[in-house]
Amino acid sequence: EKKHKVTVVGSGNWGSTIAKIVAENTKEHPDLFEQEVQMWVYEEEVTIPKDSPNYDSSMGDKPQKLTEIINKYHENVKYLPGIRLPDNVRANPSAQDAVKDASILIFNLPHQFIGNVCKQINGHILPFARGISCIKGVNVSDEGISLFSEWIGDGLGIYCGALSGANLAGEIAQEKWSETTIAYDPPPMDHSRAASPRSTSPVRDGGAPDLTITPADVQHKDAKGKASKTKLTPMPSDYPPLDHETFAKLFHRPYFHVSMVSDVAGVSLSGALKNVVALAAGFVEGRGWGDNAKAAIMRVGLMEMVQFGKEFFGETVKTATFTEESAGVADLITSCSGGRNFRCAKLSIERGVSVEEVERTELNGQKVQGTTTAKEVNNFLKARGLEKEYPLFTAVIGELSWSCPPQTDSQSVANINQST
Ligand code: NAD
Ligand code: 13P
């Protein structure tokens, strides 16, 4: 019997935290998973900070390769400082080598970099691999809008689900309690083995398809309800079944509770769009408008998130994903309280500089995703003459397009309530 080999593609603040989680679980479930977890690292030279728990004077002040630091000291000193990674996380600077023979690929990097990485690994992955995207963003092109889970899946010829939730990485890395939502809804072939019922892990939104259908070339409906272009290769029968139960075992920790659902569009969209709302909340906070105004932003933001999902992914998206799951309302709340988008937007107002400038000076290489998502979503809406139907998303663009001095008359964000 084979075991699943797991690779995390990405090693930032969240990528490193997810690598920690899955590496703890591959050790706990040796019947299902190979112990070692490969983590692809975008290589860079890093100086170990003097206040790092790993710092000792013999390390010197010379920059060293980040992969070598991670493999030697088991700490990502740049993107997740102060957290010990399990010894079975293996940092790898070669994306092609990291994904070799992996049957589970976890995509976890800022969305602007995913295209390039997928180009590098295309043709180098197992044809029957399955993916989970932890990316919070949407892919907008001339052809329209798609989810990264779909886009990765179509591009690599595999099926890819999504993980998203109220998941500030720093808290989870410290093993503070949180929940997450994983959406996984592959075509029936992955559920076809008699020994692979999903019965023991709760599926809150009705679950994955009928277990009895088995044709290997069954067409899969994507998140918009269209038949997917991808013809999937079935997982060989000597691998443990890759179903909701197995994914729950890979991601669930005592401090990280997993809810399995099938609404990939709802999970992906809420993760992407809440970043735009978090920027708005940061602008409001930066101006000192108070908690009531911030709550109003969150209320309107949630409505626009649902409206967007229903309008453009209506065939499959479920309102309950936004209103009942960690990926929806809970992520919105945590992101509007302590997320990077929120913090950078707040500081941009206080300092009278752009959000990008704050990102550059304050985040030590980490990225905010809301600025690009806001622009991409706005371009998409503008092309369809729908900007006015989404007053909050549109107001955020107004705020991003000028920077200093800080606005005092609250025009754009304040107008939201009048138009809804
Ligand atoms: P991050 O913001 O820490 O980003 C930095 C990462 O980008 C580093 O790994 C860096 O090596 C990499 N990078 C820089 N330049 C690159 C290049 N040219 N090509 C490829 N990689 C490059 O990343 P993160 O926090 O791990 O975020 C990944 C995804 O997870 C994002 O979509 C984010 O929205 C989402 N997310 C983040 C958190 C969080 O709290 N950090 C929580 C949930 C979801
Ligand atoms: P930020 O990227 O704004 O920090 O949000 C993190 C997140 O997605 C928390 O769930």
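Once both labels are positioned 7 Å from their Cα atoms along Cα-to-Cβ, the gap between residue 45 and residue 319 label points is 5.7 nm. In segment 238-379, the inverse of the mean reciprocal separation of distinct Cα atoms equals 16.3 Å; this is its Kirkwood hydrodynamic radius.
Ordered from largest to smallest accessible area (heavy atoms of protein chains, 1.4 Å probe), the residues 17, 319 come out as 319, 17. Identify the chymotrypsin sites (Phe, Trp or Tyr not before Pro) of segment 16-46 meeting these criteria: DSSP loop state and at most 10 other C-beta atoms within 10 Å of the C-beta. Filter output for segment 16-46: empty list. Relative contact order, whole percent, for the chain stands at 15, derived from Cα pairs under 8 Å and 6 or more residues apart. For segment 251-286 and segment 64-102, write down the distance between their C-alpha centroids in whole Å. Distance between centres, Cα-based: 26 Å. By the scheme Lys and Arg +1, Asp and Glu -1, what is the net charge of all other residues having a beta-carbon under 13 Å from that of residue 368? Spelling it out: positives minus negatives among the neighbours equals +4. In this structure, the amide hydrogen of residue 256, modeled 1.01 Å from its nitrogen in the peptide plane, lies closer than 5 angstrom to those of 178, counting only residues at least 5 positions away or on a different chain. Quick check: from the Cα gyration tensor, does segment 1-146 come out rounded (a/c under 1.5), prolate or oblate? Since a/c reaches 1.5 but b/c is at least a/b, the shape of segment 1-146 is classed as oblate.
The calculated 222 nm mean residue ellipticity attributable to helices in the chain amounts to -12500 deg cm²/dmol, summing -39500 (n - 2.57) over DSSP H runs of n ≥ 4 and dividing by all residues.
Computed from backbone phi with θ = phi - 60° and the Karplus coefficients 6.51, -1.76 and 1.60, the 3J(HN,Hα) list for segment 69-74 is 4, 4, 6, 7, 9, 6 Hz; x is used for glycine and proline. Among the GluC sites (Glu not before Pro) in segment 138-193, those placed in a DSSP loop whose Cβ has at most 11 other Cβ atoms within 10 Å are 143.
Cβ under 11 Å from residue 330's Cβ, residue 330 left aside: what net charge do those residues give with Lys, Arg +1 and Asp, Glu -1? So the environment of residue 330 carries a net charge of -3. Here segment 75-161 exposes an accessible surface that is 47 percent carbon and sulfur, computed with a 1.4 Å probe and the other protein chains kept in place.
Net length available on complete extension from residue 35 to residue 375 is 118.3 nm, with 0.36 nm assigned per residue and the Cα-Cα distance removed. Within the same chain, lysines fewer than 8 places from residue 50 are excluded, and of the rest, those with a Cα less than 25 Å from its Cα are 20, 62, 65, 72, 78, 367. Computed across segment 59-142, the Kirkwood radius stands at 14.9 Å (inverse of mean 1/r, all Cα pairs). Principal axis analysis of the Cα atoms in the chain yields extents of 66, 59, 37 Å, listed in decreasing size.
Computed from phi, the 3J(HN,Hα) profile of segment 136-151 under the Karplus parametrisation 6.51, -1.76, 1.60 (θ = phi - 60°) reads 9, x, 10, 9, 10, 9, 4, 6, x, 10, 9, 7, 5, 4, 5, 5 Hz, with x in place of Gly and Pro. In summary, the aspartates and glutamates within cross-link reach of residue 310, defined as a Cα separation below 15 angstrom excluding same-chain residues under 8 places away, comprise 222, 263, 389. The 3J(HN,Hα) values that the Karplus relation (6.51, -1.76, 1.60; θ = phi - 60°) gives for segment 91-108 are, in residue order, 6, 9, x, 9, 5, 4, 6, 5, 8, 4, 6, 7, 9, 10, 10, 10, 8, 8 Hz. Gly and Pro appear as x. Across segment 113-189, Cα-Cα pairs more than 14 Å apart make up 67 percent of the total. Is any residue of segment 279-317 close enough, with backbone N under 16 Å, to a label point placed 7 angstrom from the Cα of residue 389 along the Cα-Cβ axis, and if so, which? The answer is 303-317.
The values are calculated or read from the model by the stated rules, or taken from the named source; none is laboratory data. In this text, all values refer to a predicted model and were calculated from it rather than measured experimentally. All Cβ positions, even for glycine, are placed from backbone atoms using ideal geometry, and neighbour counts span all protein chains on display. The accessibility values were calculated without ligands, DNA or RNA, using every heavy atom of the protein model including side chains. Shrake-Rupley method; radii C 1.70, N 1.55, O 1.52, S 1.80 Å.
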